[in-house]
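The values are calculated or read from the model by the stated rules, or taken from the named source; none is laboratory data. None of the values given here were measured: they were computed from a predicted structure. Every residue, glycine as well, gets a Cβ built from its backbone with ideal geometry; the counts of neighbours run over all protein chains shown.
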Amino acid sequence: MSDFLRQMAASSLERARDIREKRTVSGLSSRVRSAPPPIPLRFSASGFDIIAEAKLASPSEGKLVDGPASAETAMSLANDYVANGAAAISVLTEPDRFSGDLTHLEAVAAAVSVPVLRKDFLVDPVQIDEARAAGASGVLLIARIGSGDLLEEMTDQVLDLGMFVLVEIFDRSDLETAVRVFDREVLVGVNCRDLSTLEVDTTRFESLAPQLPDYLPTVAESGMTTSDDVAAVAGLGYSLALVGSSLVSRDDPGAALASFIAAGRSRLSGVVR
């Protein structure tokens, strides 16, 4: 595990401990039971969709939005994405390096009609309940964090709550860990960002694609900055792309999203644009 990922996991563990110290688990469970039901992740007939990320900052690029890193900013982006065809919205809740917050997730989930994914470095099952209580319909789980047993436990908890789970891998070693949950209905994501250097290597999409299960939806994550990049991952067989920085950094994120979706779907239909 890289120093960066280790730091993120340690910070996340502290936040999980804080939940247990300040709020009873039974109280959180009550909020989960009273939350509106999760929204199913629905795929278009075209065979390709995009999860658009309301990403306000990143360790590699710093602040990404002109306005404040607030729930209102995240909600504005999310509404724009939904209006332009996003299948789901990803919301960062990691506070230290991504300027995320659980209130961003709560605001977005209350505002949009598509499922919302909690994206964070989750290390404790109590964080799954926290995500569901805040309105999340799905969560990201990083295969490299923790053990295979923890991945199985958290995956089962997510699915028991009626949510969807995106299991993220970076390399062949992660794939060997993630295979333990490939008998469940999960999404399998390939992140092409090296978490040691934070550099992007998009060749990872091509090298890992043949090794991914063909019976599960697959997600290309990070590194796609143009419509051609999105078309390329669609051509490799990925069912979805998760795109954040390259949308937020545009003058019109919604229009950029629409062009990315069109590029991916055109690649599958064989139309050259």
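Taking residue 37, is it surrounded by fewer than 18 Cβ atoms within 10 Å (Cβ to Cβ) and within 19 Å of residue 164 (Cα to Cα)? Yes, satisfied. Which one is surrounded by the fewest Cβ atoms within 10 Å (Cβ to Cβ) among residues in the range 221-273 that are in contact with a Leu (Cβ under 7 Å, 6 or more places away or on another chain) and either among the charged types (D, E, K, R) or within 15 Å of residue 51 (Cα to Cα) (or both)? This residue is 245.
Within the range 85-134, the set of residues being surrounded by fewer than 20 Cβ atoms within 10 Å (Cβ to Cβ) and of a type in the set (S, T, N, Q) comprises 103, 113. Out of everything in the range 135-159 that is of a type outside the set (Gly, Ala, Ser) and not in a helix (DSSP H, G or I), what residue ends up being surrounded by the fewest Cβ atoms within 10 Å (Cβ to Cβ)? It comes out as 144.
Would it be correct to say that residue 160 is within 25 Å of residue 109 (Cβ to Cβ), among the charged types (D, E, K, R) and either out of contact with any helix residue (DSSP H, G or I) (no Cβ under 7 Å at 6 or more places or on another chain) or modelled with pLDDT under 95 (or both)? Yes: the conditions hold for residue 160. Scanning the range 59-72 for residues that are closer than 27 Å to residue 164 by Cα and either surrounded by fewer than 19 Cβ atoms within 10 Å (Cβ to Cβ) or in contact with a strand residue (DSSP E or B) (Cβ under 8 Å, 6 or more places away or on another chain) (or both) gives 59, 69, 70, 72.
Across the range 187-209, the number of residues qualifying as touching a Leu at 6+ places or on another chain (Cβ under 6 Å) and of a type in the set (A, V, I, L, M) comes to 5.
Scan the range 59-96 for residues that are modelled with pLDDT under 95, acidic (Asp, Glu) and either assigned to a loop (DSSP other than H, G, I, E, B) or within 17 Å of residue 222 (Cβ to Cβ) (or both) and the total you get is 2. In the range 1-17, the residues that are at negative phi form Cβ pairs under 7 Å with partners that are modelled with pLDDT of 90 or more and surrounded by fewer than 16 Cβ atoms within 10 Å (Cβ to Cβ), at six or more places apart or across chains, as follows: 11/96. Among the residues of the range 217-244, those identified as among the small types (Gly, Ala, Ser) and closer than 22 Å to residue 167 by Cβ are 220, 222, 223, 234, 237, 239, 241, 244. Residue count for the range 176-215 under the criterion of being touching a Gly at 6+ places or on another chain (Cβ under 6 Å) and modelled with pLDDT of 95 or more: the result is 3.
Filtering the range 160-203 to residues that are crowded, with 19+ Cβ neighbours inside 10 Å and aromatic (Phe, Trp, Tyr) leaves 164, 170.
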